[in-house]
Amino acid sequence: MSVSKSPFVLIEDFVSPLLCEEIVDSCLIEVPDTDENHKPIMSVRFNRLAELRLGESINEILIPELEQYYDFEYKGMHPFEIEFYPQGCKNNKQRCENSVFVATKGKKSWHRTSSKDFCCVLFLKDYRDKKPLDPYYEVMGGKLQFLNHNFSINPKRGTLVVFPGEEHFINYTSDILYGDLHQVRFYIAATKPYIYDKSKFPGDYTTWFK
């Protein structure tokens with residue numbers, strides 16, 4: 001019987017609630033971005049201070065752990081993106097971090113377009129499924145959903161989720177029903193393109209998170 005190994009690395013309390021609040025405060029947006037129909041949409045901010053505050057834990061603790069877990073050699077990181085999903089934000093597009101699906105000579109296939117070998121999402125708010133809630137640190141909605149694996153991860157302040165950045169991990173953020181969602185997304189590059197091997201990660205979400 002194969003031992004279940006998850007392709008997801010889930011680290012609770014990667015940063016403190018206080019640091020989560022500081023990052024949210026550093027990028028408060030009074031008026032959300034909107035689309036052509038004046039509907040609120042997700043926007044991205046860059047904050048060097050947040051990157052510096054998180055850098056020590058990432059370089060000294062996270063990177064060595066991930067190198068051993070996924071068996072790769074670290075090359076570098078892309079800039080941090082602080083994602084802001086305002087209340088009422090809907091229909092967030094599906095994303096594949098390092099590849100696109102294109103047609104070549106009549107055949108459709110995935111093509112790698114970037115060195116985003118691993119995607120890391122740091123939640124800055126707590127998920128609630130009903131009111132009342134405190135919108136300063138809680139949000140209703142904003143699940144991180146994975147279509148290929150048919151499950152989702154609820155935001156939890158300070159929790160970091162890491163997964164390969166290729167087509168087996170298409171993901172999107174569910175509608176924001178109440179409050180605002182803030183999360184940090186950053187990408188790790190390997191010295192050689194990381195190729196996801198499903199056989200090394202047997203099982204599914206029902207066994208990966210036990």
In whole percent, how big is the carbon plus sulfur part of the accessible area of the chain, probe 1.4 Å, protein atoms only? 50 percent
Send over the per residue convex hull volume for the range 38-84, Cα only, as a whole number of Å³. 101 Å³
Given G141, T173, F151, which one lies farthest toward the positive end of the charge dipole of the chain, if we put +1 on the Cβ of every Lys and Arg and -1 on the Cβ of every Asp and Glu? F151
Roughly how much of D35 is accessible, in Å² to the nearest 10, using a 1.4 Å probe? 50 Å²
H38 paired with N148, simple spin-label distance in nm, labels 7 Å along Cα-to-beta-carbon: 4.1 nm
Report, in listed order, any pair from K156/K200; K105/K198; K5/K75; K108/K156 with a Cα-Cα distance greater than 26 Å. K156/K200; K105/K198; K108/K156
So if we plug the beta-carbon distance of L28 and I61 into 1/(1 + (r/R0)^6) with R0 = 35 Å, what FRET efficiency do we get, rounded to 0.05? 0.80
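Could you please tell me the mean projected area of the C-alpha convex hull for the range 85-147, averaged over all directions and given in square nanometres to one decimal?
If I average the Cα hull's projected area over directions, I get 6.1 nm².
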Centre separation in Å (Cα based) which lies between the range 135-174 and the range 30-45: 20 Å
The range 74-84 - phi-based ³J(HN,Hα) in whole Hz, Karplus 6.51/-1.76/1.60, Gly and Pro as x: 6, 10, x, 10, 7, x, 5, 10, 9, 8, 10
Calculated from DSSP H runs of 4 or more alone, at -39500 (n - 2.57) each and per residue, what is the 222 nm mean residue ellipticity of the chain, nearest 500? -4000 deg cm²/dmol
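The values are calculated or read from the model by the stated rules, or taken from the named source; none is laboratory data. For clarity, every value in this text was computed on a predicted model and none was experimentally measured. Cβ: placed from backbone, ideal geometry, glycine included. Neighbour counts: every protein chain shown. All accessible areas refer to the heavy atoms of the entire protein, side chains included, with ligands and DNA or RNA removed. Shrake-Rupley method; radii C 1.70, N 1.55, O 1.52, S 1.80 Å.
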